[in-house]
Amino acid sequence: MDAALLAGVWIDAPCGGEGRCGKCRVKLSGETAPPTEEELEHLSPEELRGGIRLACQAVVTGPLSVEPTGVVAWASAKTGLLGQATLAVDLPELSAKTCTAPPLGAALDAGTTTLCVSLIDLTTGDRLAVASAENPQTRLGADVMTRIDRCRNDPDCLSEMQTEVTASFNGLLADVTAEAGRITSDIVRVISVGNTTMIHLLIGEDPSPLGSYPFEPTLQGPVDIPASSVGIEAAEGARLLSPRFLSGFLGADIVAVILVSGMDRSAEDCLVVDLGTNGEIAVGNRERMAACSTAAGPAFEGMQISSGMRAVPGAIESLSRNGLLLPRVLGGGEPAGICGSGLLDAVAALLEAKLLNPSGRLAPPSDSEGTAAGRIRNSNSMREFVLSPGSDITLTQKDIREFQLAKGAVRSGIEVLASRLSLEYEKLTKVFLAGVFGNFLKPASAVAVGLFPEALEGRIDFAGNAALLGAEMMLASEREWNRALDISRAVEVVELSGDPLFDREFFANLAFPASPFRPGS
């Protein structure tokens with residue numbers, strides 16, 4: 001894996017390269033050390049004889065060639081999720097001494113799993129290009145807590161992760177400026193959003209204090225530093241800015257999402273949910289706002305799921321409801337795996353077909369003869385559902401448990417905030433679901449699995465990557481930047497850790513709707 005990184009190739013390793021997930025498979029030919037215990041656990045004797053190894057475990061001992069099997073090249077992917085937009089420009093006179101063309105701005109979304117960049121013309125407010133890439137830090141851990149622990153235990157890890165994410169952002173900046181017929185030295189202003197840990201890692205601040213009580217960040221923000229000081233390639237004198245963090249687990253991204261939603265200006269109550277590896281939730285109106293963060297885990301990103309992948313072409317996005325439960329694939333063609341929205345819809349479809357009971361247990365194989373005949377089977381002492389007939393793309397009982405933990409955490413966070421602000425779901429006028437996950441999500445399925453209360457069905461609006469859009473708004477307007485700072489000071493932080501209501505709700509919300517166990521029963 002280390003050699004691949006040096007060669008500019010990224011290998012997906014959701015477990016952080018510890019040999020737990022078994023997903024970083026490559027085919028080797030040459031001299032290597034014997035398989036480790038982790039490889040013997042994940043790989044069959046036939047696979048090992050065929051040269052299949054885990055990249056995070058196989059040690060190079062001599063000349064070696066590697067054939068990628070689960071490898072994604074170190075490259076950006078164009079994304080149309082934001083479409084076209086023109087922003088209101090409200091900036092003081094920008095220095096154009098360092099560029100001969102109209103000045104540019106770059107919005108950076110430092111996501112735990114995905115990095116996104118948007119390029120803005122700061123004289124017209126036009127969005128010129130958007131690109132995204134996998135966050136290279138995922139090879140060191142799928143979630144922020146794993147990365148925090150690595151920084152705490154390895155003094156060199158912080159520098160390594162900062163270098164990797166900066167290099168990836170610079171690659172994306174080169175792509176979007178080239179697409180616009182410009183160069184990175186035309187960028188005079190950079191706004192970055194992300195959770196508190198990701199912003200710390202981007203600017204090289206130690207995130208270790210976020211790993212233990214009282215979970216206070218080294219840096220509170222707002223950030224306003226030279227872009228060059230952290231290695232971001234831009235014009236000489238360009239500044240990198242990020243709004244103030246709400247807490248150790250509520251960062252600049254939820255501030256950006258609230259900005260886009262208009263909650264801070266609304267006379268009526270709003271609910272905002274930004275779904276990703278971390279679930280960030282905010283409720284309220286212009287009089288009072290509160291927010292919390294839930295450790296949803298990477299299931300919504302398609303990670304730590306046996307056949308999981310991100311929402312790219314080849315990913316199963318949903319299952320048909322025609323009695324056959326056949327997969328629908330992003331981009332068409334044969335499926336390569338299942339993404340987070342597909343996972344949610346598959347669980348909803350299995351519930352509707354009564355192949356999954358409210359406790360989350362798959363029906364025995366004999367019960368699937370009427371619907372999706374033969375597609376529930378026993379494998380390694382665990383039931384699994386074959387998502388695509390004739391393939392090895394499956395949804396296992398363990399995958400369903402991972403999903404239950406994620407949706408239970410998010411739904412419980414919603415319930416705690418609603419209780420704290422005496423919020424009535426029936427009176428909510430706006431429900432915003434943000435994050436790339438939400439672009440392919442079926443609202444009815446989200447309600448069917450209990451991610452959202454039934455009362456909210458029909459009122460869920462998809463905001464796409466609202467964090468990036470919020471960063472664009474701050475980028476193009478001093479008024480919106482100042483508004484974001486006001487939001488960060490006004491939002492009340494609700495800590496879920498140790499909250500007895502959250503604990504009760506979480507236990508109850510692990511089950512799917514129609515379970516006999518609900519709060520108060």
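The values are calculated or read from the model by the stated rules, or taken from the named source; none is laboratory data. Given the structure is predicted, the values throughout are model-derived calculations rather than measurements. Ideal geometry is used to build each Cβ from the backbone, glycine not excepted, and the neighbour counts take in all protein chains shown. For the accessible areas, the whole protein counts, side chains as well, though only heavy atoms, and no ligand, DNA or RNA atoms are used. Shrake-Rupley method; radii C 1.70, N 1.55, O 1.52, S 1.80 Å.
What's the carbon and sulfur percent of the chain's accessible surface, probe 1.4 angstrom, rounded to a whole number?
Carbon and sulfur atoms account for 51 percent of the accessible area of the chain.
Filter the cross-link list LYS398/LYS427; LYS354/LYS407; LYS27/LYS407; LYS23/LYS354; LYS398/LYS430 down to pairs whose alpha-carbon distance in this structure exceeds 28 Å.
LYS398/LYS427; LYS27/LYS407; LYS23/LYS354; LYS398/LYS430
Starting from the amide H of LEU87, placed 1.01 Å from N in the peptide plane, find each other amide H under 5 Å away whose residue is 5 or more places distant or on another chain.
Result for LEU87 returns ASP126, ARG127.
What does a probe at ALA3 reach in the range 121-151, counting residues whose amide N is under 16 Å from the point 7 Å along Cα→Cβ?
Hits in the range 121-151 for ALA3 at 16 Å: none.
At 1.4 Å probe radius, can you tell me the per residue accessible area of the chain in Å²?
40 Å²
Full extension from THR429 to GLU236: what is 0.36 nm times the residue separation minus their Cα-Cα distance, to one decimal in nm?
64.9 nm
Among (i) 215; (ii) 161; (iii) 152, find the value of volume of the Cα convex hull per residue in Å³ that was calculated from the structure presented, and write down its label.
It is the value labelled (iii).
As I understand it, the dipole of the chain uses +1 on the Cβ of Lys and Arg and -1 on the Cβ of Asp and Glu, about the Cα centre. Which of THR113, ALA4, SER307 lies farthest toward its positive end?
SER307
How do 396-406, 29-39 rank on mean C-beta neighbours within 10 Å, highest first?
Sorting 396-406, 29-39 by mean packing, highest first, produces 396-406, 29-39.
So if R0 is 22 Å, what FRET efficiency would SER212 and ASP154 give, r being the distance between their Cβ atoms, rounded to the nearest 0.05?
0.85
Rounded to the nearest 5, what is the percent of antiparallel bridges among the DSSP beta bridges in the chain?
70 percent
With runs of 4+ DSSP H residues as the only contributors, calculate the mean residue ellipticity of the chain at 222 nm using -39,500 (n - 2.57) per run, divided by the residue total and rounded to the nearest 500.
Taken over the chain, the calculation gives -8500 deg cm²/dmol.
Search the structure for amide H atoms under 5 Å from the amide H of ARG321, placed 1.01 Å from N in the peptide plane, and list their residues when 5 or more places away or on another chain.
It is none; the list stays empty.
Classify the range 335-397 from the C-alpha gyration tensor, please: rounded if a/c falls under 1.5, else prolate or oblate depending on whether a/b exceeds b/c.
rounded
Per residue, what volume in Å³ does the convex hull of the Cα atoms of the range 155-306 enclose?
150 Å³
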